[in-house]
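Undergrad: So that we are looking at the same thing, I have put the structure below in structure tokens.
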Amino acid sequence: MNPNRALWEKGDFSRIAASMRESGEEFVHKLGITKGLRVLDLGCGDGTTAIPMAKLGADVLGVDIARNLVAAGHQRAKEAGLTNCLFREGDASHLQGIEDRSFDLVVSIFGAMFAPRPFDVAKEMVRVIRKGGRIVMGNWIPNDPTLVAQILKISSAYSPPPPEGFVSPMTWGVENHVLERFTAAGAKRENISFLKDSFTFRWPGGPSELLDAFRNFYGPTMNAFEAAGKTNRANDLAKELGELFTLQNQSPNKFMTSIPATFLRVTVIAP
């Protein structure tokens with residue numbers, strides 16, 4: 001199995017995505033979605049941004065490597081009565097069956113950054129966007145002090161080293177890497193811009209309950225706990241992550257969790 005597919009089908013990211021719905025809708029409202037806009041959502045999961053865009057009238061195609069998330073997205077769109085939001089399996093590094101210049105907007109929020117071959121990802125996004133259209137990415141930032149970057153950093157310390165040739169998805173959070181990839185794909189430097197933004201994880205329970213969801217349903221964290229268990233360090237990992245979730249929780253209600261996480265918002269105007 002494709003290792004990237006195995007990672008995201010390992011758990012049930014829909015359980016994590018439930019904590020991201022409100023921020024997904026908030027982000028979509030910043031995009032200026034209009035009726036009939038043709039949108040490709042890459043690494044769409046079960047539709048955290050795809051479904052709000054469709055509700056605003058866009059014609060949305062969501063593409064994800066994980067078959068379980070594609071199925072979940074189909075179900076969510078069906079339950080919402082949306083006929084303008086479709087989901088299909090696909091690899092952001094090689095968008096088979098998608099024609100050149102066929103979308104007005106390409107969106108990828110914490111999705112395509114995890115695909116292999118980042119230069120191919122940038123090339124594919126530029127290929128399928130119409131001239132003058134927009135590409136908008138949300139990417140976690142390496143070594144950022146907020147939640148997701150720290151989860152991934154802590155988890156990596158308990159995991160075996162990555163295979164030779166592996167390119168960290170976190171490099172998508174470094175401006176110079178993003179510039180290199182999109183300019184190699186044909187975009188102009190002056191048409192690539194960056195902004196720090198924030199996504200808040202909201203959970204109807206305490207921080208330890210949100211951590212349990214990450215431990216049981218988020219592929220990278222699941223892998224870290226499995227690796228830590230083999231060296232009798234699972235308790236150490238749980239302690240580190242528990243402290244992180246508790247310290248970063250900003251909810252005044254002890255029965256609720258609200259943790260903001262900073263990310264790099266990338267906007268590319270297509271050549």
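Every number in this text was worked out from the coordinates using simple rules, so none of it is lab data. Computed from a predicted structure; not experimentally measured. Cβ coordinates were reconstructed from backbone atoms using ideal geometry, including for glycine residues, and neighbour counts include every protein chain displayed.
Undergrad: Ranked highest first by the average count of other Cβ atoms within 10 Å around their residues, in what order do 59-68, 150-159 fall?
TA: On the way: 59-68: 23.5, 150-159: 18.4.
Going by the mean number of other Cβ atoms within 10 Å, highest first, we get 59-68, 150-159.
Undergrad: Roughly how tilted is helix 219-230, in degrees to the nearest 10 and between 0 and 90, from the longest Cα axis of the chain?
TA: Roughly 30 degrees between the two axes.
Undergrad: Under 25 Å Cα to Cα from Lys230, which lysines show up? Leave out anything in the same chain fewer than 8 places away.
TA: Excluding near neighbours in sequence, the set is Lys10, Lys153, Lys239.
Undergrad: Tell me, what ³J(HN,Hα) does each residue in the stretch 52-67 have, in order and in whole Hz, if you take phi through Karplus 6.51 cos²θ - 1.76 cosθ + 1.60 with θ = phi - 60° and put x for Gly and Pro?
TA: These are the phi-based 3J(HN,Hα) values: x, 5, 5, 5, 8, x, 6, 8, 10, 10, x, 10, 8, 6, 8, 5 Hz.
Undergrad: Between the alpha-carbon centers of the stretch 142-207 and the stretch 219-240, tell me the distance in whole angstrom.
TA: 22 Å
Undergrad: Any chance you could give the angle, 0 to 90 degrees and rounded to 10, that helix 147-157 forms with the longest Cα principal axis of the chain?
TA: Between helix and principal axis, roughly 60 degrees.
Undergrad: Same structure again: Show me 219-229, 42-52, 73-83 ranked by packing, highest mean number of other Cβ atoms within 10 Å first.
TA: Per-residue Cβ counts within 10 Å, averaged per peptide and sorted highest first, yield 42-52, 219-229, 73-83.
Undergrad: Ok, one more. Can you compute 3J(HN,Hα) from phi for each residue in the stretch 115-123, using the Karplus curve 6.51 cos²θ - 1.76 cosθ + 1.60 with θ = phi - 60°, rounded to whole Hz and x for Gly and Pro?
TA: Per residue, the Karplus-derived 3J(HN,Hα) values read 6, x, 6, x, 5, 5, 4, 4, 4 Hz.
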